[in-house]
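Asker: Supplied in structure tokens, the structure appears directly below.
The values are calculated or read from the model by the stated rules, or taken from the named source; none is laboratory data. Values in this document were obtained by computation on a predicted structure and should not be read as measured data. Neighbour counts are summed over all protein chains in view; Cβ atoms, including those assigned to glycine, are modelled from backbone coordinates with ideal geometry.
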Amino acid sequence: MTSPHTFPLPLQEDRTTRHEHAWRAESRHLTSEGLVLYVRCTGCGTLRVDVQGNDGLPPAALSRVIGVSPPEWLRG
């Protein structure tokens, strides 16, 4: 049952548009699709998964950027 008296959901701030990300690979492994890279932004700690195909092109994002709090070693 729905209610006509509901509050609107607040828009969440998009933390990914604050700066240009500087991606650093934390881990990588080979798959049948190519090289999978687990990367983190050195500025904000955002995580992403990339794949670099066997065709020699630069890595492309497989996942969406998820804003997270940076780890302690990145904050200082």
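Asker: Of all residues in the stretch 34-55, count the ones that are exposed (fewer than 15 other Cβ atoms within 10 Å of the Cβ), in contact with a Leu (Cβ under 9 Å, 6 or more places away or on another chain) and over 21 Å from HIS19 (Cα atoms).
Answerer: Looking only at that region, the number is 2.
Asker: Please pick out the residue among LEU35, LEU47 that is at pLDDT 90 or above and among the aliphatic types (A, V, I, L, M).
Answerer: Numbers: LEU47 fails: at pLDDT 90 or above.
Just a single option satisfies the conditions, and that option is LEU35.
Asker: Among the residues of the stretch 58-75 satisfying the criterion of being at pLDDT below 80 and of a type in the set (A, V, I, L, M, F, W, C), which is surrounded by the fewest Cβ atoms within 10 Å (Cβ to Cβ)?
Answerer: First, pick out the residues of the stretch 58-75 that are at pLDDT below 80: 62-75.
Applying the additional criterion that residues be of a type in the set (A, V, I, L, M, F, W, C) yields 62, 65-66, 68, 73-74.
Details: LEU62: 12, VAL65: 16, ILE66: 10, VAL68: 13, TRP73: 7, LEU74: 13.
Out of the qualifying residues, it is TRP73.
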